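The values are calculated or read from the model by the stated rules, or taken from the named source; none is laboratory data. Everything numeric in this text was worked out from a predicted model, so none of it was measured. When we count neighbours, we look across all protein chains shown, and the Cβ atoms used for this are built from the backbone with ideal geometry, even at glycine. Calculation scope for accessible area: heavy atoms of the full protein, side chains included, ligands and nucleic acids excluded. Shrake-Rupley method; radii C 1.70, N 1.55, O 1.52, S 1.80 Å.
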Amino acid sequence: NKHHVAIGTSNRNCLWLRPRKTEGYIHIEILTTKDNMEELKTIIETIGQTYNIRKEKILAFALTKSDFDKNKESIESIILKIRDSHK
């Protein structure tokens, strides 16, 4: 799909990346479990981003390229937590 990239495990997507028209800006949605929700919220807040909660299990936030470059380790930890929770 040219409008987004979806990443998943076990026949279910758990991460959606949607580039925006503004160059260097991306919208991210994460499907998580209730167990990981608070920890992921904390990581997103340490990156300096705000988030929305959708359908009680989806965290949505946006990043710029500079935010991503500064916080690669935090983004990687988010992705690993998602991956581990959906095995």
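Structure values in brief
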{"read-out": "Helices (runs of 4 or more DSSP H) wholly inside the chain containing at least 2 residues that are of a type in the set (Ser, Thr, Tyr)", "value": "34-47, 72-85"}
{"read-out": "Residues (under 12 Å from the mean Cα position of the chain (by Cα) and surrounded by fewer than 17 Cβ atoms within 10 Å (Cβ to Cβ)) located in segment 22-36", "value": "HIS27"}
{"read-out": "Only listed residue being over 20 Å from ARG12 (Cα atoms) and in contact (Cβ under 8 Å) with a residue 24 or more places away in the chain, chosen from LYS57, LYS41, LYS65", "value": "LYS65"}
{"read-out": "Meets criteria (at pLDDT below 90 and either within 21 Å of PRO19 (Cα to Cα) or open to solvent by less than 80 Å² (accessible area, probe 1.4 Å) (or both)) for SER77", "value": "no"}
{"read-out": "Enumeration of residues in segment 50-73 that are of a type in the set (S, T, N, Q) and surrounded by fewer than 16 Cβ atoms within 10 Å (Cβ to Cβ)", "value": "THR50, ASN52, THR64, SER66"}
